[in-house]
Each structure stands twice: as C-alpha cells, then as structure tokens.
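Quick notes on the structure that follows.
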Amino acid sequence: LDHKTNNFLAAIHYGKKNQMGLALLDISTGEFLVSEGESSIIEKLVQSFQPSEILLTKGKQKSFEQKYGDKFYTFNLDEWVFAYDYTREKLLEHFKVSSLKGFGIEDQDLAQIAAGAILHYLATTENTNLQHINNISKVQADKYVWLDRFTIRNLELIYSNHETGIPLIHILDKTISPMGARLLKKWVVLPLKAKKAIDSRLD
C-alpha cells in the first residue's frame, strides 16, 4: 500500500428523487467522511476520492454501472443492510453516543445509512480493530470547486499522461510525513472557493 495515498472504502445509498448518501472510510488512518445530496454531487465526490471499493445494495448494481461503467470495484450487500434504523444503531453503538449531533450529521439520513453499511460490512469481514475510527465528518460539497476525473487527468494533477511527465503533486509535495502527503493530495483535487480559506491554506 502507498501510505502517501488514502485508501478509501465507500458505500453509496440510493434515496428517493435522485438523492443519494455517500460514506468514505480510510481504515488505515480512521478518516471517516460522509455526504448526501443530488446524484451529481455524489458522483463528483466519488471521482475525486477514487475509492478502492464501493459497497452497494444488490438492486442498484445496474444503476451504478450505467453511471460509472466498470471503473470501480464494487461489492453487493443485502437490501436490509441499508435500513435507516439498523445503520443508525450501528453508528450510535460504534461512537458510544445517543445522537449524532456532535458530528454535525444528525439530519443526514442517507449519509448515515451509507456510513452504517460500511460498519456492518467491516463487522462481517471480521475487521474488529476499529477503535481508531473515533470521528465522522461531513464533506460540505459547496465549499469546493469540482474537478471531474477528465480535468484531474488532463491537468496532470496527480498522475502524468506521459511516461516522462511530472504531475503537479510531485512538484508541490515537499511533505515529510505520509499524513501530510495525503492531505496535500486531497487539497489538490478539492480546490476551495472562499478567499479567506484559500489564503489560510496557502499560508
């Protein structure tokens, strides 16, 4: 595994009226992120974070393939796993809380379902060492300029299209720790919109 790159496990929950929930977990670092909204927002997040595996309910495999083709490795779970009561209980139990207000996701039902599905999957694969996953946070989609995978590729932000080419990240990355390298890579593919936040990031 490349410790300079996040290795995200994702889950997508399909709600009503084109609404979706997404959860992303890097098991090695414990970073747990969620978002929900229109399918276009979720699609952009999936393209930016490039998860190594995506959990879906069996009934949504075709919908997923129509949108993404075979670009991602998927794993199907039973429909009942994506039930709100079950997945919410999984989250409350894991974080030892009575509500998710402290994480700012109390009203994010679709995101909670996706996050709970990840915890269910890890429990069934006997991945019991999850104590380091002690936080879960919301990705606020409106904070970023969205770059689709074609833009990321054409601008050669992370990888070069040419054998002798040098991507932007290799020029910028003077970090000394894997954690710093992962953060910098995330900053490159998720540019900010607000000037104050941009100035702070540049500093």
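For this structure, a couple of remarks:
- In the range 103-136, of all residues being surrounded by fewer than 20 Cβ atoms within 10 Å (Cβ to Cβ) and touching a His at 6+ places or on another chain (Cβ under 8 Å), the one that is nearest to Gln19 (Cα to Cα) corresponds to Ile133.
- Residue in the range 69-79 that is over 29 Å from Asp148 (Cα atoms) and open to solvent by 50 Å² or more (accessible area, probe 1.4 Å) present: yes
- Criterion applied to Lys60, Lys44 was being of a type outside the set (A, V, I, L, M), part of a helix (DSSP H, G or I) and either over 15 Å from Leu110 (Cβ atoms) or touching a residue at least 60 places away in the same chain (Cβ under 8 Å) (or both), and the one residue passing it is Lys44.
- Within the range 81-97, being in contact with a Leu (Cβ under 7 Å, 6 or more places away or on another chain) and open to solvent by 70 Å² or more (accessible area, probe 1.4 Å) holds for no residue.
- Criterion violated by Gly165 - all others in (1) within 20 Å of Pro51 (Cα to Cα); (2) small (Gly, Ala, Ser); (3) part of a loop (DSSP other than H, G, I, E, B) satisfied: (1)
- Remark: pairs (first residue in the range 154-174, of a type in the set (Asp, Glu); second residue assigned to a loop (DSSP other than H, G, I, E, B); Cβ separation under 7 Å; 6+ apart in sequence or on different chains) = Glu156/Gly165; Glu156/Pro167.
- For the range 90-100, a residue qualifies if it is under 18 Å from Gly21 (Cβ atoms) and assigned to a helix (DSSP H, G or I), and the qualifying residues are Lys90, Leu91, Leu92, His94, Phe95.
- Test result for Tyr159, of a type in the set (Ser, Thr, Tyr) and either open to solvent by less than 60 Å² (accessible area, probe 1.4 Å) or farther than 30 Å from Asn76 by Cβ (or both): no
- Only one entry in Lys71, Lys60 is basic (Lys, Arg) and either at positive phi or over 17 Å from the mean Cα position of the chain (by Cα) (or both), namely Lys60.
- Verdict on Glu36 being among the acidic types (Asp, Glu), buried (at least 19 other Cβ atoms within 10 Å of the Cβ) and either within 12 Å of Ile118 (Cα to Cα) or touching a strand residue (DSSP E or B) at 6+ places or on another chain (Cβ under 6 Å) (or both): yes
- Met179 meets all of the listed conditions (1) open to solvent by 80 Å² or more (accessible area, probe 1.4 Å); (2) in a helix (DSSP H, G or I); (3) at pLDDT 90 or above but one, namely (3).
- Residues in the range 138-151 that are within 30 Å of Gly104 (Cα to Cα) and part of a helix (DSSP H, G or I): Ala141, Asp142, Lys143, Arg149.
- Residue satisfying condition, being in contact (Cβ under 8 Å) with a residue 40 or more places away in the chain, part of a helix (DSSP H, G or I) and touching a strand residue (DSSP E or B) at 6+ places or on another chain (Cβ under 7 Å), within set Ala23, Ala114: Ala114
The values are calculated or read from the model by the stated rules, or taken from the named source; none is laboratory data. Since the structure is predicted, the reported quantities are computational estimates derived from the model, not experimental observations. Don't worry about glycine lacking a Cβ; one is built from the backbone with ideal geometry, like all the others, and counts go over all protein chains shown. Keep in mind that these areas ignore ligands, DNA and RNA; they rest on the heavy atoms of the full protein, side chains included. Shrake-Rupley method; radii C 1.70, N 1.55, O 1.52, S 1.80 Å.
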